[in-house]
Amino acid sequence: MDLDLTQVRAFVVAAEELHFGRAAGRLGISQQGLSKRVARLEAALGVRLLERDARGVALTGAGQRFLDPARRVLVQGERAVAAVGCAARPLRIDVWGHLYAPMRTLAQAVDAAPGLTVEPVPGRDLPTVAAALLRGESDAGFGRVHPLPDGGDAGLTHRLVRLEPVDALLSTGHPLAGRGVLSPAELRGSVLRYPAAVDRLDFLTRFATRFDVPRRVGSTNLGLEHFLDEVGGDPSCFSLVPADTPLPDRPGVRTVPLAGPTPLYAWSLLWREDGSTDPHPRLDELIGAFATEAARSRWLEYDPVRDWLPDADEAALHP
């Protein structure tokens with residue numbers, strides 16, 4: 001039988017997300033359209049690949065056996081297209097950390113390379129982006145990089161491209177909201193609110209450990225405006241945001257710069273190591289564009305007396 005790669009991709013993304021809403025969002029289609037593609041693939045194969053019920057989505061035994069070969073089929077299909085026109089294909093960049101607006105930095109760097117065409121694709125998080133890179137489904141990733149457990153980042157390399165000062169995000173009712181500047185130590189008595197599950201934001205955890213913030217609470221990621229409402233409604237909590245993040249005009253919250261030291265949020269470009277698979281021919285151009293813009297905009301300035309970086313980020317700055 002002939003496989004329809006559109007249907008295969010729908011199954012693979014649904015299998016990775018185990019959630020039809022998130023999978024449809026990644027593909028830019030409706031949930032109904034996703035369901036139809038998976039159903040047609042199952043009909044053609046004559047087996048059930050996914051079980052769907054009120055509790056969610058799960059792979060069947062056939063689905064588990066089909067998943068890895070299906071991924072390889074997609075990679076080979078992309079390589080076949082690349083073989084006849086790779087230079088003309090947009091360079092695919094998986095981007096994560098969306099609450100902190102990574103696109104503004106990516107756009108500024110790409111603008112430094114006229115003629116470079118990129119296709120930014122929203123990624124769920126670093127582990128998902130790393131897995132997609134290793135499978136050859138994307139050419140690069142952009143966001144905050146940190147070590148992954150169980151060697152999930154083996155075969156990848158990254159370059160730190162921007163260090164962005166971090167502000168405290170506070171309710172206007174917070175006791176420290178009227179200050180013009182704060183030190184991290186002054187936040188120890190407050191609750192650090194995460195904009196997602198506590199185990200999903202490595203930077204916030206490292207900040208809390210370094211500056212002895214014992215009370216931490218996670219949230220459901222329902223978008224930036226919802227998170228701002230959560231912070232605005234709780235005068236006992238705070239969060240952190242990169243200083244240049246464009247926040248919507250929301251009553252009840254304000255940002256306060258941090259100093260003594262100033263925490264820095266590290267943005268990195270991530271890609272496969274040489275030899276792991278064929279790189280996009282313009283990947284070096286993208287890396288150079290980030291280096292050019294970092295030098296022009298002084299993105300990598302760091303003073304260990306004045307600033308704070310997590311150890312892994314400081315090591316990446318001076319490899």
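The values are calculated or read from the model by the stated rules, or taken from the named source; none is laboratory data. None of the values given here were measured: they were computed from a predicted structure. Positions of Cβ are generated from backbone atoms using ideal geometry, with glycine treated the same way; all protein chains shown enter the neighbour counts. Heavy atoms of the whole protein, side chains included, go into the accessibility calculation; ligands, DNA and RNA do not. Shrake-Rupley method; radii C 1.70, N 1.55, O 1.52, S 1.80 Å.
What is the extension gain from D307 to A243, computed as 0.36 nm multiplied by their sequence separation minus the C-alpha to C-alpha distance, in nm to one decimal? Provide the component values of the computation, followed by the final result.
Values: separation 64, 0.36 × 64 = 23.04 nm, distance 1.39 nm.
Stretched fully, the D307-A243 segment lengthens by 21.6 nm.
Compactness of the chain is given as radius of gyration and Dmax, 21.5, 68 Å, from Cα positions.
Express the Stokes-Einstein translational diffusion coefficient of the stretch 203-247 in µm² s⁻¹, to the nearest whole number, given a Kirkwood radius over alpha-carbon pairs, 25 °C and a viscosity of 0.890 mPa s.
206
Backbone geometry of the stretch 49-55 corresponds, through the Karplus equation with coefficients 6.51, -1.76 and 1.60 at θ = phi - 60°, to 3J(HN,Hα) couplings of 9, 10, 9, 10, 8, 5, 7 Hz, x marking Gly and Pro. Comparing Cα centroids, the stretch 36-65 and the stretch 278-307 end up 43 angstrom apart. The Rg/Rh ratio of the stretch 122-260, with both radii computed over alpha carbons and Rh defined as the Kirkwood radius, is 1.00. For the chain, the antiparallel share of DSSP beta bridges with both residues in that region comes to about 65%.
Taking every pair of Cα atoms in the stretch 29-135, average 1/r, invert it to obtain the Kirkwood radius, and report Rg/Rh to two decimals.
Numbers: Rg = 17.5 Å, Rh = 16.9 Å.
Across the stretch 29-135, the Cα-based Rg/Rh ratio is 1.04.
Using every pair of separate Cα atoms, the Kirkwood estimate puts the hydrodynamic radius of the stretch 244-319 at 15.6 angstrom.
How large a share of the accessible area of the chain, in percent, is made up of carbon and sulfur atoms when the probe is 1.4 Å and the other protein chains stay in place?
Numbers: 7800 of 15080 Å².
Of all accessible area on the chain, carbon and sulfur atoms account for 52 percent.
What's the Kirkwood radius of the stretch 186-319 in Å, using all Cα pairs?
On the way: mean 1/r = 0.0577 Å⁻¹.
Its Kirkwood hydrodynamic radius stands at 17.3 Å.
Database remark: amide H of V118 closer than 5 angstrom to the amide H of L91 (H placed geometrically; neighbours at sequence offset of 5 or more, or on other chains; Pro and chain starts carry no H). In this structure S297 has an accessible area near 40 Å², from a 1.4 Å probe over the protein heavy atoms.
What is the dipole size for the stretch 1-105, taken about its Cα centre, with +1 at each Lys and Arg Cβ and -1 at each Asp and Glu Cβ, in debye to the nearest 20?
Details: 16 positive and 10 negative charges, 37 e Å.
Around 180 debye, computed over the stretch 1-105.
Using a probe of 1.4 angstrom and keeping all protein chains present, the accessible surface of the stretch 27-142 works out to 49 square angstrom per residue. Distance between the pseudo-spin-label points of A39 and M1 (7 Å out from Cα toward the beta carbon): 1.6 nm. Cα extents for the stretch 1-76 along the principal axes, largest to smallest and rounded to whole angstrom: 31, 25, 19. Average projection, convex hull of the Cα set of the stretch 113-190: 8.9 square nanometres.
Determine, for each peptide in 94-103, 110-119, 287-296, 132-141, the mean count of other beta carbons within 10 angstrom over its residues, then list the peptides with the highest first. Show your work: numbers first, answer last.
Working: 94-103: 19.5, 110-119: 14.1, 287-296: 17.3, 132-141: 21.5.
In decreasing order of mean packing, 94-103, 110-119, 287-296, 132-141 become 132-141, 94-103, 287-296, 110-119.
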